[in-house]
Amino acid sequence: MKEKITYSSIDEYIAACTPEVQDVLQTLRKVIQESAPDAKEKISYQMPTFELHGNLVHFAAFKKHIGFYPAPSGIEAFQEEVKEYHKSKGTLQFPLDKPLPYDLISRIVKYRVASNIEKAEAKSKKKS
């Protein structure tokens, strides 16, 4: 049986990819960091994940695409723009043979940040 690979950091995850994919993932990571400067990095579900008051976005490298997981709300809010990438409820697939839409990704991440902050503030108001 093949050993299941587990990653302890996003650096480790990216290092395990081919050089071409590493470049794409590093740029994607930078776009997410710039769009969500307060978010923390972690590995969740064996994928690079950014969290701020809960998970913001995950991403993962596949043979022919980069999977981007901004939760269903992050997709619904940009329905028209993500049409060509939308594959399932919480998933966008960006083909590796085309440039990633970094501007769109940045706007989705900023939307997720605002929505997570809003949820966290609503929760803390309920408690007090």
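Only the coordinates and a few stated rules stand behind these numbers; no lab work does. Predicted model only: the values in this text are computed from it and were never measured. Note that we place each Cβ from the backbone using ideal geometry, even for glycine, and neighbour counts take in every protein chain shown.
Couple of notes before you dig in:
- Once the C-beta distance of Lys40 and Glu80 is scaled by a Förster radius of 22 Å, the resulting FRET efficiency is 0.10 to the nearest 0.05.
- Acute angle (nearest 10 degrees) that the helix 19-35 long axis makes with the longest principal axis of the chain, alpha-carbon atoms: 10 degrees
- If you wrap the tightest convex hull around every Cα atom of the stretch 22-88 and split its volume per residue, you get 107 Å³.
- Rounded Å value of the spacing that divides the Cα centres of the stretch 5-69 and the stretch 77-128: 14 Å
- Counted by neighbouring Cβ atoms within 10 Å, the residues Leu92, Leu104 run from fewest to most as Leu104, Leu92.
- In the stretch 10-127, Cα pairs under 8 Å separated by at least six residues give a relative contact order of 23 percent.
- Cα point-scatterer Debye curve for the stretch 76-118, base-10 log of I(q)/I(0) at q = 0.30, 0.32, 0.33 Å⁻¹: -1.21, -1.26, -1.28
- For the stretch 10-127, diffusion coefficient by Stokes-Einstein and Kirkwood Rh (Cα), 10 °C, 1.306 mPa s, µm²/s: 109 µm²/s
- Per-residue 3J(HN,Hα) values for the stretch 96-111, derived from phi via the Karplus relation 6.51 cos²θ - 1.76 cosθ + 1.60 with θ = phi - 60°, read 6, 8, 10, x, 5, x, 4, 5, 5, 4, 4, 5, 5, 4, 4, 4 Hz in sequence order (x marks Gly and Pro).
- Working note: Karplus 6.51/-1.76/1.60 with θ = phi - 60° gives the stretch 73-88 the couplings 4, x, 8, 4, 5, 10, 2, 4, 6, 9, 2, 5, 9, 6, 10, 7 Hz, where Gly and Pro are set to x.
- Only helical runs count toward this figure. For the chain, summing -39,500 (n - 2.57) over DSSP H runs of n ≥ 4 and dividing by all residues gives -14000 deg cm²/dmol at 222 nm.
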